[in-house]
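Beneath this line is the structure, given in structure tokens, with notes to follow.
The values are calculated or read from the model by the stated rules, or taken from the named source; none is laboratory data. This one's a predicted model, so the numbers in the text were calculated from it and none came from an experiment. We place every Cβ from the backbone using ideal geometry, glycine too, and count neighbours over all the protein chains shown.
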Amino acid sequence: MDTSIIHLDLDTFFVSVERLMDSRLQGKPILVGGVTDRGVVAACSYEARSFGIHSAMPMRLARELCPEAIVIRGNSSNYMKYSDMVTEIIGESVPVYEKTSIDEFYADLTGMDRFFGCYKLATELRERIIRETGLPISFGLSTNKTVSKVATGEAKPNNKLEIQKGFERPFLAPLSVKKIPMVGLKTYQTLRNMGVRWIGTIQEMPVELMEQVLGENGKLIWKKANGIDRSPVIPYNERKSISTERTFDKDTIDVDKLTGIFTAMTENLAFQLRRGGRLTACVTVKVRYSDFNTHTLQKRIPYTSADHTLIPLVLELFKKLYNRRLLVRLIGVRFSHLVCGSYQINLFEDTEEMINLYQAMDKVRVRYGDRSLIRASGMGARSIGRGNPFTGGPPPLLANRRS
């Protein structure tokens, strides 16, 4: 039986969500990301791309290229909300799907042509997503994940493209080698030095030559260039860690400020654990100094999601780690070894009042937002909230906030 794989990608996802929230942004160059010169562009509209701007570009450079661009810090909770809506629709519509990022999906439609026709089913799925969420989305449909992903890129913006069996190589041949998934800047430069610019050139090369130049990756790239990809659609696996980081606009040595931000970060992550029904058994603290030297320290602990356990531990690790008295550029907290479960009451230390307090605080946060109820010591930390990271996909790109 021939396989049918669809790749769906929400077009300029962060920008599209912002435009849903504010229709005045339609048709204007939009940059989403860090709002300071040290920030980076997490997403940009097609209008901004026409100025040469792309994601991961320093915000300072993006502003120079397009001074009239509207810069938005972004809201990860809103992005996760809409991502969850799309995930739910896809989950209801297809037998197997894989969520590879907050805005990107694969689905295996193999066998569905007997009932609906795969292209018709994919079209109806796309139309439903647009109708129910208001978000633009593109898809590519072919016999494998590689060709479908490339087809989605060619279909954008807000369109669809099917590559039928037997037409994979002709479709790929005239495209740039940069279109091949897993071809990064370094590999692209290597291929250009070989005189290779188009995918069709790789198709005509012996696989042994590609393997000789690029090793095992060369063999994989040759297969992808020829439209060969047998990798399956893997159902979404739950995350095993949750983390957040903070890069400062100005390097700091203010220990009180650092302690307050660590408190706010830990408090928010602990809330996300409880909200997602998870417990952590490993805590990691990261500090990056102004000279870009990065140091981490971690500790294994009994499974927990309690603030009064995690906050003192994070501050203890920070105290042990921060002994250089240098200016700090970035700090971060990570909870790993996550498992499903609820907080277990310590019979000797916890009280009924404490447990009731946690439940009441979490209800307020769920209803009014992550930052609606916080410790006084963490009030100086802005924009820690992350939404619910356990409802699908990897963590949002904007989880790394800037103070």
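Computed values, structure above
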{"quantity": "Unmet criterion (only one of (1) assigned to a helix (DSSP H, G or I); (2) within 24 Å of the chain's Cα centre (by Cα)) for THR284", "calculated": "(1)"}
{"quantity": "Some residue of the range 91-100 being farther than 30 Å from LYS145 by Cβ and aliphatic (A, V, I, L, M)", "calculated": "no"}
{"quantity": "Residue in the range 131-153 that is surrounded by fewer than 20 Cβ atoms within 10 Å (Cβ to Cβ), in the same structural domain as ASP11 (by TED's automatic domain parsing), within 24 Å of ARG230 (Cα to Cα) and in contact (Cβ under 8 Å) with a residue 24 or more places away in the chain present", "calculated": "yes"}
{"quantity": "Candidates PHE116, PHE14, filtered to the one that is in the same structural domain as ASN144 (by TED's automatic domain parsing), aromatic (Phe, Trp, Tyr) and surrounded by 21 or more Cβ atoms within 10 Å (Cβ to Cβ)", "calculated": "PHE14"}
{"quantity": "Of all residues in the range 31-58 being touching a residue at least 24 places away in the same chain (Cβ under 8 Å) and touching a Ser or Thr at 6+ places or on another chain (Cβ under 7 Å), the one that is nearest to GLY153 (Cα to Cα)", "calculated": "TYR46"}
{"quantity": "MET210 vs. criteria free of Cβ contacts under 8 Å to residues at least 24 places away in the same chain and not assigned by TED's automatic domain parsing to the domain that holds SER101", "calculated": "yes"}
{"quantity": "Cβ pairs under 8 Å, 6+ apart, first in the range 240-269 and assigned by TED's automatic domain parsing to the domain that holds TYR289 and within 19 Å of PHE292 (Cβ to Cβ), second of a type in the set (Ser, Thr, Tyr) and not in a strand (DSSP E or B)", "calculated": "ARG246/SER403; THR247/SER403; PHE248/SER403; ASP249/THR36; ASP249/SER403; ASP251/SER290; LEU258/TYR322"}
{"quantity": "Failed criterion for ALA48 (all others in (1) within 30 Å of LEU121 (Cβ to Cβ); (2) crowded, with 22+ Cβ neighbours inside 10 Å; (3) of a type outside the set (Phe, Trp, Tyr) hold)", "calculated": "(1)"}
{"quantity": "Identity of the residue in the range 194-235, of a type in the set (Val, Ile, Thr) and in a loop (DSSP other than H, G, I, E, B), that ends up surrounded by the fewest Cβ atoms within 10 Å (Cβ to Cβ)", "calculated": "ILE234"}
{"quantity": "Entirely in the range 13-67, the helices (runs of 4 or more DSSP H) that have 1 or more residues that are under 23 Å from THR133 (Cβ atoms)", "calculated": "13-21, 46-49"}
{"quantity": "Of all residues making up the range 118-158, the number that are assigned to a helix (DSSP H, G or I) and over 20 Å from MET85 (Cα atoms)", "calculated": "14"}
{"quantity": "Tally, over the range 185-228, of residues that are more than 19 Å from LEU172 (Cα to Cα) and of a type in the set (Lys, Arg)", "calculated": "1"}
{"quantity": "Count of the range 159-189 residues which are free of Cβ contacts under 8 Å to residues at least 12 places away in the same chain, in a helix (DSSP H, G or I) and either at positive phi or of a type in the set (A, V, I, L, M, F, W, C) (or both)", "calculated": "1"}
{"quantity": "Residue under evaluation LEU121, criteria (1) in contact with a Leu (Cβ under 7 Å, 6 or more places away or on another chain); (2) within 17 Å of PHE13 (Cβ to Cβ), criterion not met", "calculated": "(2)"}
{"quantity": "Residues that are in contact with a helix residue (DSSP H, G or I) (Cβ under 6 Å, 6 or more places away or on another chain) and among the polar types (S, T, N, Q), drawn from the range 283-336", "calculated": "SER305"}
{"quantity": "Test for VAL35: is it aliphatic (A, V, I, L, M), surrounded by 15 or more Cβ atoms within 10 Å (Cβ to Cβ) and touching a Lys or Arg at 6+ places or on another chain (Cβ under 6 Å)", "calculated": "yes"}
{"quantity": "Given (1) closer than 30 Å to LYS145 by Cβ; (2) among the hydrophobic types (A, V, I, L, M, F, W, C); (3) under 21 Å from the mean Cα position of the chain (by Cα), number of the condition ILE5 does not satisfy", "calculated": "(3)"}
{"quantity": "Residue among THR146, THR187, THR201 that alone is over 16 Å from TYR119 (Cα atoms), among the hydroxyl-bearing types (Ser, Thr, Tyr) and at pLDDT below 95", "calculated": "THR187"}
{"quantity": "Selection status of TRP222, in contact with a Leu (Cβ under 8 Å, 6 or more places away or on another chain) and either modelled with pLDDT of 95 or more or not small (Gly, Ala, Ser) (or both)", "calculated": "no"}
{"quantity": "Matching residues, the range 227-245, being touching a Phe, Trp or Tyr at 6+ places or on another chain (Cβ under 9 Å) and within 27 Å of MET80 (Cβ to Cβ)", "calculated": "VAL233, ILE234, PRO235, TYR236, GLU238, ARG239, SER241, ILE242, SER243"}
